[in-house]
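J.: Submitted below is the structure of interest, expressed as structure tokens.
Where a number appears in this text, it was derived from the coordinates with a stated rule and is not lab data. Note that the structure is predicted; figures quoted are calculated from it, not measured.
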């Protein structure tokens, strides 16, 4: 007789050591765990991607540093550049449609001044305290009359009325700035369109210029009517004017080379900078704007309010009506800039 090793019960075969019940129990108790499956090696590309994900997930938003009390007390100077308004000019296209006249000028200049005040109130002063405003006028504010043979056919307003319209617009703007408790300085030079020329088309006296008349009217108004020491008007009897803004030397003139990158242009700008110790050179005349750095000298060229006309067409330029404003601080000659577009630019 053969018995189960565990329970002693009878088993039928001599080679059987356990009954069925005990065999199943023993088998369950002595069952071996399956061998571990070898871990697959992760590709290097997956490691790199995961590392990048981990590092990029650590990036936090930029926090704006609070300005110190010292910087807030200093503030920036807001510079408003008026140039090439050509008040009194008539511009027509090839079909005879008027593209620019006195009414269009009034509409555009009102938009310009309202936009400047809106930027000042809603954006600029929110982040940059403004301590004062300097209005730079680089001439051709008035279109004049008689500087070329057919100019009268392109005018709708005599120069004295051009002067008074320009003065009224600038006076209103100055008063709006005074209302905001800002000091206002106007720095002006004459343009070529304001020249009063003789029969042979030559100017006998450079100061016989309608832009100069505009500055004289504004100066008279500021000194004898407004009588507010926060307003001053400065103008030059030369082609240029130098003045200091927040420690930076500004040099303004109506005409400067169209390009500062050419050999001739570079020689002019660097020559003026050396002669006048200039940090910034501002001009107009070409009816389209640009800002460049010429060997450390900031070169700014303003646009115009007329926009495209026969002059810009001769230059093969598609000039939009546009004027510039920017900031100047003790630390930088240009801290911010806005190009205020007054046209109806359309995508081609």
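J.: Please state, to two decimals, what the Cα-based radius of gyration of the chain comes to when divided by 2.2 N^0.38 Å (N = residues). Intermediate values should be presented prior to the final figure.
T.: Working: Rg = 38.9 Å, N = 348, 2.2 N^0.38 = 20.3 Å.
Dividing the Cα radius of gyration by 2.2 N^0.38 Å gives 1.91.
J.: A further question follows. Please give the helix 102-119 orientation as an angle from the longest Cα principal axis of the chain, in degrees from 0 to 90, rounded to the nearest 10.
T.: 50 degrees
J.: What do you get for the angle between helix 20-29 and the principal long axis of the chain? Use alpha-carbon atoms, 0 to 90 degrees, nearest ten.
T.: That works out to roughly 40 degrees.
J.: Here is a follow-up. How far is helix 263-276 tilted, in degrees, relative to the longest principal axis of the Cα atoms in the chain, given as a value from 0 to 90 rounded to the nearest 10?
T.: 70 degrees
J.: Further question: Taking only DSSP H segments of four or more residues, each worth -39500 (n - 2.57), what value at 222 nm results for the chain once the sum is divided by all its residues, to the nearest 500 deg cm²/dmol?
T.: Numbers: 8 runs with 98 residues, N = 348.
Taken over the chain, the calculation gives -9000 deg cm²/dmol.
J.: If I stretch the segment between residue 63 and residue 156 completely, what's the gain in nm (0.36 nm per residue apart, minus their alpha carbon distance), one decimal? Can you show the working numbers first?
T.: Details: separation 93, 0.36 × 93 = 33.48 nm, distance 5.53 nm.
Going from the current span to full extension adds 27.9 nm.
J.: Restricting to bridges with both residues inside region 69-341, how much of the DSSP beta-bridge set is antiparallel, in percent to the nearest 5? Display every interim value, and only then the final one.
T.: Values: 26 of 53 bridges.
Around 50 percent antiparallel, to the nearest 5.
J.: For a test of the definition: using alpha carbon positions, the gyration tensor, and the 1.5 limit on a/c, classify region 266-348 as rounded, prolate or oblate.
T.: Because a/c hits 1.5 or more and a/b fails to exceed b/c, region 266-348 counts as oblate.
J.: Rounded, prolate or oblate for region 216-325? Axes are the square roots of the Cα gyration tensor eigenvalues, ordered a ≥ b ≥ c, and the cut-off for rounded is a/c under 1.5.
T.: Numbers: a/c = 2.37, a/b = 1.29, b/c = 1.83.
Note, shape of region 216-325 comes out oblate.
J.: Okay, next question. Over the chain, calculate the relative contact order: mean separation of alpha carbon pairs under 8 Å at least 6 apart, over the residue count, as a percent.
T.: On the way: 608 pairs, mean separation 54.3, N = 348.
So the answer I get is 16 percent.
J.: Stretch residue 118-residue 30 to full length: gain in nm at 0.36 nm per residue minus the Cα-Cα span?
T.: Working: separation 88, 0.36 × 88 = 31.68 nm, distance 8.69 nm.
Full extension of this stretch gives 23.0 nm more.
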